[in-house]
Structure formats: structure tokens, C-alpha cells
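The structure that follows is given in the form of C-alpha cells.
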There are 2 protein chains.
Amino acid sequence: MPAYDHPDPATFELTSVLRALADPARLDIVRHLGRVGEANCATLVGTRPKSSMSHHFQVLRDSGVLRTRIEGVQHRNSLRREELDMRFPGLLAAILNAP
Amino acid sequence: MPAYDHPDPATFELTSVLRALADPARLDIVRHLGRVGEANCATLVGTRPKSSMSHHFQVLRDSGVLRTRIEGVQHRNSLRREELDMRFPGLLAAILNAP
DNA sequence: TGCCTTGTTCGATTATTGTCGAACATTATG
DNA sequence: CATAATGTTCGACAATAATCGAACAAGGCA
């Protein structure tokens with residue numbers, strides 16, 4: 001599989017990022033990644049079907065929140081911390097620290 | 001026009017706040033209020049109809065982002081800065097500073 | 001090769017949200 | 001009281017987004 005397309009930080013859109021974060025399932029993903037650093041999809045799939053999760057990962061990826069690195073058969077996801085913070089300083093920290 | 005109900009900061013929900021902010025029209029409202037402090041609805045209505053704006057104000061109010069004070073026939077809106085910052089430190093600042 | 005694992009894509013359905021006109025309520029003000 | 005100004009509410013419709021099973025693709029391994 002070809003690698004994913006990840007948007008350039010200069011093109012991150014605030015509304016897209018906020019929409020991506022404004023969903024419970026995706027917020028769970030983001031917070032989990034905030035704790036563990038990197039995780040493949042299977043690790044993050046809870047009770048929801050894979051196809052739903054795949055969709056959520058795509059939304060997060062397309063908005064710039066996370067990056068997906070392919071290693072063998074696994075897709076490893078991690079937050080794009082530096083890039084997000086460059087474009088929207090303090091935003092991700094506020095999300096990760098929120099109750 | 002009984003006064004509006006404004007949620008208690010302890011009950012603010014992150015996903016609700018993010019959903020409220022994740023809309024272009026509402027983001028415009030929030031940023032405008034960030035600059036001018038307080039404004040009534042008419043001041044903030046651009047090209048959109050009043051009924052649409054009224055809806056957006058309600059979403060922002062219900063999530064805790066802004067408060068509406070009634071003065072005569074006008075409804076004056078302002079950000080709930082301190083309360084938001086108490087519950088989600090840095091979040092509003094990140095939004096207002098974002099490009 | 002055959003099979004298992006990991007995850008995507010497709011398509012259909014459902015659910016949630018946004019949009020906006022029309023009618024209404026309230027507060028001035030002439 | 002009649003009228004204007006400011007917003008809300010209602011209802012219908014449109015647009016957007018989430019859900020999820022089934023079929024598919026690719027890599028790793030026996």
C-alpha cells in the first residue's frame with residue numbers, strides 16, 4: 001500500500017481540526033495517543049467495528065491531527081504534536097489536559 | 001423574556017464546546033466577541049438570516065462558550081472567558097490566537 | 001500456495017445539523 | 001394604541017456526517 005497523504009501544516013484548517021476533535025470516538029483516540037505515543041488501529045479499536053474506526057482515523061489524518069506510518073501490515077498512528085502546535089499553539093495541549 | 005439558562009462550568013463538556021466551535025459561522029461570532037467584548041445579535045448578523053444566527057447563539061450558549069444578557073430589547077453576548085479557562089485551560093486562548 | 005492478520009473501501013442506511021421563511025413575543029417610542 | 005426594532009420559535013427541507021456489514025487488498029508466515 002502506498003503511504004498516506006498527510007496535509008502540510010500550513011494548510012491545516014481550524015474548523016477541520018475542531019470538527020475532527022469534536023467526536024467522542026476520535027477524542028478517545030487522540031487522548032490515547034497522547035498517553036502512549038504511537039498505536040496501531042487494532043489497539044485502539046474498542047467495541048466499534050473496524051470500518052467505523054477506519055473512518056475516524058481518516059478524519060483525524062485529513063485534518064492534520066495525526067499521522068499514520070505503515071509498517072508491515074500494521075498502521076501506526078501518532079499525534080502530529082509539533083506541527084499542530086506550530087500552527088495552533090496551545091490547542092492540542094488544552095485538549096489533552098482537559099477533563 | 002426570562003433570562004437565559006447558562007450551564008454551570010462544572011458541567012461544560014469538551015465535545016460540546018468543540019462542536020460549538022467547529023462551525024465557521026460560530027467561530028466568526030466567537031472571534032468577534034474576542035475582539036469587541038460584548039455585542040448584540042444584530043451587530044453579529046452578517047448575510048445570514050436572523051433565525052440561523054439565533055440557532056448558532058443557542059449552540060454557543062448551551063455549550064458554555066458565551067453568555068447572553070438581556071438589556072431592553074437587545075441581547076448582549078460575551079464570551080465566558082474565566083469560566084471556560086477554569087474548566088479547559090488554554091483552550092479559548094488557542095482558538096482566539098489561531099490563524 | 002494457502003491462510004491469517006490488519007486495515008481499507010464501498011454502499012446503504014440512519015442520525016445529526018444547518019438553513020431559512022413565517023409567525024410570534026417583548027420592549028421601546030411616536 | 002400603533003408601529004418599529006430585536007430576537008426567538010416552529011416547521012420543513014437540505015446537507016453533512018456517523019454507523020456498519022461485506023467484500024477487498026497486502027503483508028507475513030507455515
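If you add up the charges near B:Pro89, with Lys and Arg at +1 and Asp and Glu at -1, over every other residue whose beta carbon is less than 12 angstrom from its beta carbon, what do you get? Intermediate results must be reported in sequence, preceding the final value.
Working: positive: B:Arg81, B:Arg87; negative: B:Glu82, B:Glu83, B:Asp85.
After counting each charged neighbour, the total is -1.
Test of understanding: in a Gaussian network model of chain B with alpha carbons linked when under 10 Å, which of B:Leu14, B:Leu79, B:Leu44 would top the mean-square fluctuation ranking?
In this elastic network of chain B, the residue with the biggest mean-square fluctuation among B:Leu14, B:Leu79, B:Leu44 is B:Leu14.
I would also like to ask the following. Along Cα→Cβ at 7 Å, what distances in nm separate the A:Val36 label point from those on the other copies, shortest first?
Reported distances to equivalent positions: 4.8 nm.
Suppose R0 equals 35 Å; then what is the FRET efficiency for B:Ala42 and B:Asp8 from their Cβ-Cβ distance, rounded to the nearest 0.05?
On the way: r = 29 Å, r/R0 = 0.82.
Efficiency, from the Cβ-Cβ distance: 0.75.
Please give the net charge around A:Pro9, taking every other residue with its beta carbon less than 12 angstrom from that of A:Pro9, where Lys and Arg add +1 and Asp and Glu add -1. All intermediate terms of the calculation are to be shown ahead of the outcome.
Details: positive: A:Arg67, A:Arg80, A:Arg81, A:Arg87; negative: A:Asp8, A:Glu13, A:Glu82, A:Glu83, A:Asp85.
Result for the local shell: -1.
Where the label is 7 Å out from Cα toward Cβ, how close does B:Lys50 come to the same position in every other copy, in nm, shortest first?
5.5
Taking amide H atoms as placed 1.01 Å from N in the peptide plane, list the residues 5 or more away in sequence, or in a different chain, whose amide H sits under 5 Å from that of A:Asn40.
The list, which skips near neighbours in sequence, is A:Asn77.
Follow-up. With heavy atoms of protein chains only and a 1.4 Å probe, what residues of the stretch B:1-19 have at least 20 Å² less accessible area in the full set of chains than alone?
Flagged in the stretch B:1-19: B:Leu14, B:Thr15, B:Leu18, B:Arg19.
Rank B:Ser63, B:Ser52, B:Ser78 by mean-square fluctuation in a GNM of chain B with C-alpha springs under 10 angstrom and give only the top-ranked residue.
For chain B, modelled as a Gaussian network with Cα springs under 10 Å, the answer is B:Ser52.
So between A:His32 and A:Arg69, what do we pick up on full extension, going 0.36 nm a residue minus the alpha carbon distance?
Length difference between fully extended and current span is 11.6 nm.
So, one more: Take the solvent-accessible surface of the protein heavy atoms, probe 1.4 Å, and return the percent of it on the protein assembly as shown that carbon and sulfur atoms account for. Intermediate values should be presented prior to the final figure.
On the way: 5330 of 10390 Å².
Answer for the protein assembly as shown is 51 percent, counting heavy atoms of protein chains only.
Let me ask something else about it. For label points placed 7 Å from Cα toward Cβ, what is the shortest-first list of nm distances from A:Val73 to its copies?
Values, ascending and in nm: 7.1.
Still on this structure, please answer the following. For A:Arg19, what charge total do you get from the other residues with a beta carbon under 14 Å from its beta carbon, if Lys and Arg give +1 and Asp and Glu give -1? Each step should come with its number before you reach the end.
Working: positive: A:Arg26, A:Arg61, B:Arg19, B:Arg26; negative: A:Glu13, A:Asp23, A:Asp62, B:Asp23.
That works out to 0.
Let me ask you something else. Skip the ligands, DNA and RNA, and give the accessible area per residue of the protein assembly as shown with a 1.4 Å probe, whole Å². Working shown, then result.
Working: 10390 Å² over 198 residues.
Here the residues of the protein assembly as shown average 52 Å² of exposed surface.
Determine the total buried accessible area between chain A and chain B, counting protein heavy atoms only with a 1.4 Å probe; round to the nearest 100 Å². Working shown, then result.
Working: alone 5910 and 5940 Å², together 10390 Å².
Rounded to the nearest hundred, the buried surface is 1500 Å².
Among the trypsin sites (Lys or Arg not before Pro) in the stretch A:1-46, which ones are in a DSSP loop with at most 10 other Cβ atoms within 10 Å of the Cβ? Mind listing them?
Numbers: sites: A:Arg19, A:Arg26, A:Arg31, A:Arg35; in loops: none.
Passing both the DSSP loop test and the Cβ count: no residue.
Turning to a different aspect of this structure: Whole angstrom only: what separates the Cα centroid of the stretch B:64-84 from the Cα centroid of the stretch B:26-55?
With the stretch B:64-84 and the stretch B:26-55 each reduced to a Cα centre, they are spaced 11 Å.
Next question, about the same structure. Take the protein assembly as shown, compute every pairwise Cα distance, and split them into 5 Å bins from 0; I just need the percent in each bin.
With a bin width of 5 Å, the distribution comes to 1, 7, 15, 19, 17, 14, 11, 7, 5, 3, 1, 0, 0, 0.
The values are calculated or read from the model by the stated rules, or taken from the named source; none is laboratory data. For clarity, every value in this text was computed on a predicted model and none was experimentally measured. Reconstructed Cβ throughout: ideal geometry from the backbone, glycine too, with neighbour counts over all protein chains shown. The area values use the complete protein model at the heavy-atom level, side chains included, leaving out ligands, DNA and RNA. Shrake-Rupley method; radii C 1.70, N 1.55, O 1.52, S 1.80 Å.
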